[in-house]
Each structure stands twice: as C-alpha cells, then as structure tokens.
Amino acid sequence: MSASARLDAPSAQVARRMVELACLAPSVRNTQPWAWRLSGSEAWLHADLDRQLLVEDPFGRDLVISCGAALHHFQLAARALGWRTGVVRIPESDDLTVLAHVRLRRDPRPETAEVLDAIRARCTDRRRFTTWPVPPERLESLCEEAREWDAVAVPVLDLATRFRIEQTVRQAQQPSERDDRPDLESSDGLIVLGSGSDDRPSWLRTGEALSALWIRATRGGLSAVPLCGPVGVPATRAELRDLLDGSLVPHLLVRVGWQAIGRSELPSTPRRPVDQVLRA
C-alpha cells in the first residue's frame, strides 16, 4: 500500500469499530449471518452461509436482508466516524458469498454523534405496542427514508386492505414454524418493504432500507418489528402482492408503533465477538 493510500485509510482500530457497530444490525432470529474482511481503505461484506436457516430460509432471502441491514449500519457508522463510503453491491467475484465491496474515503462533514446513539439504542422489542395509533404522516416519513435506499416501501393506510393483510398474516402464522408474534393489532402501523424483483440485489437493498427505516424510527421515538415469517410462505407472498400492487414483490412486513415505557431497560441481544466475524 502506498503512503498516500495509507493516509486515506482508517486505522485498524477505527475500521474495527465500524464493523463492531455494523454488527449491531438486526438479523433474522438473531443469526447474525455476516462476515467482514478489511484491508486498508476497503471492506468486503460476506454472507456466512453456516448461519443460514436452511429450513425456514432455503433461498437465503432473510439471510441477505439481514446482511443488507448490516451493510447500512456499516455505512452509517463510517460516516459518523468521518469516512465516506462507495459501495458496489453484489460485485463480480469468484467467491459467491461476497455481497458488497465498500471503499472508504475521508469525509469532511461527518454525521452527528446522534447516529451512533441511535445505532446503539435500536433493538427488537416484541412486546405489544401501546394503543396510540401512529399518524399516517409518520409512516410515510419512514417509507421515504427507506426509498432512499432503492427499495419499495408502502405504508398500509387503507382500512380494507389493512384488514385483509391482517387476516392473511394470521393464516400464514398457523403453518409457519416461525414465531413472529405478537399478532398485528389494529393500532399498529404497517409498512411493506419489497422490490420489483426477488433476487439477491433486491434483498440486499431491502435490508438496507429496513435498517434506514428502523434507525429513523428509533430517533423519532418509535419501535419497529419485522415480520419475516408470513412473507416466507409463498402463497401469502402472492396474496400480499395481489392486495398491494402486482408489480411489488413483498420481502418483509414491518410493524411500527409506540413502545411502552421501559425499552431502555431490556437486556441487549447477545452479539458475536468482532473477531468471529472478521476474516483474514
């Protein structure tokens, strides 16, 4: 590595910190199915196939969505620590586990420390939300944040559509092996994340959008809970597609609501040590 390249690369300690913060991202059943490789001003995100849920997630959709969330967390962390990111998603590689290649450059206008606070504060709290409804404009604001990451985000505001989706979700939860409870409540906000396609690039983007939406929700005092199980049932996914828009392939449902007091007192979800996710 040239001297100029070394000057424009984060220290090993800073790069490791970026990975540590990225690993606070949400993942399906807390599998944390990612691995990272660092070299100077570059980072590679890999899927850790050993952590794939082969029965529940045979195609790896949820695994890649989880890795997309980690990729977004990494980008946020890098900017907050003073580094810009250039990302190539699903780069050409002989290693099919590579999902993204990130180049780091110094950023003269880093994000505020509030971003790091939101990354640390974000959590999956599956307790029931309060009965206070989420205003439609708040849901639309979250969707706008998600769309910035090239995903389709649709707030479900029509009551008839909402009722049919609730029925579809309840039916899907019966044959599904996943426990995504609590069930949807009428006061919950509901957002559908997806794309025009159903492949690894679109799943990765959905993961980034989920992370962006969730961080925005956290900063605004809201909680979010993804519902992977119902969308994993092919018949349910097809029905959701018909209910919303025939051009939308749903990847994920997201419950949004006001959480009861006491979220900060919940124990943190265990995380893998950074040394376990870093590859040589």
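Any read-out appearing in this document is the output of simple, stated calculations on the displayed coordinates, not a laboratory observation. Here the structure is a predicted model, which is why all the values come from computation and not from measurement. When we count neighbours, we look across all protein chains shown, and the Cβ atoms used for this are built from the backbone with ideal geometry, even at glycine.
Quick one: net charge of ASP199's neighbours, Cβ under 11 Å, K/R +1, D/E -1?
After counting each charged neighbour, the total is +2.
Compare the peptides 80-90, 211-221, 113-123 by average per-residue count of other Cβ atoms within 10 angstrom and give them in order, highest first.
211-221, 80-90, 113-123
Tell me, what ³J(HN,Hα) does each residue in the range 88-104 have, in order and in whole Hz, if you take phi through Karplus 6.51 cos²θ - 1.76 cosθ + 1.60 with θ = phi - 60° and put x for Gly and Pro?
10, 8, 6, x, 5, 6, 5, 8, 6, 7, 6, 9, 7, 10, 10, 9, 10
If you take every residue apart from PRO91 with its C-beta less than 13 Å away from the C-beta of PRO91, what net charge results, scoring Lys and Arg +1 and Asp and Glu -1?
Charge balance in the 13 Å sphere: 0.
Hey, any idea what the orientation-averaged projected area of the convex hull of the range 136-260's Cα atoms comes to, in nm²?
Averaged projected area of the range 136-260's Cα convex hull equals 7.1 nm².
For the range 65-101 and the range 108-129, compute the distance between their C-alpha centroids and round to whole Å.
Using only Cα atoms, the two centres lie 18 Å from each other.
Just the number, please: Stokes-Einstein D of the chain in µm²/s, Kirkwood Rh from C-alpha pairs, 20 °C, 1.002 mPa s.
112
Membrane-span-like helices in the chain: DSSP H runs reaching 27 Å or more (Cα, own axis), mean Kyte hydropathy at least 0.0?
Flagged H segments are 61-80.
To the nearest 500 deg cm²/dmol, what mean residue ellipticity at 222 nm is calculated for the chain from DSSP H runs of n ≥ 4 alone, each contributing -39,500 (n - 2.57), summed and divided by the residues?
Calculated mean residue ellipticity at 222 nm is -12000 deg cm²/dmol.
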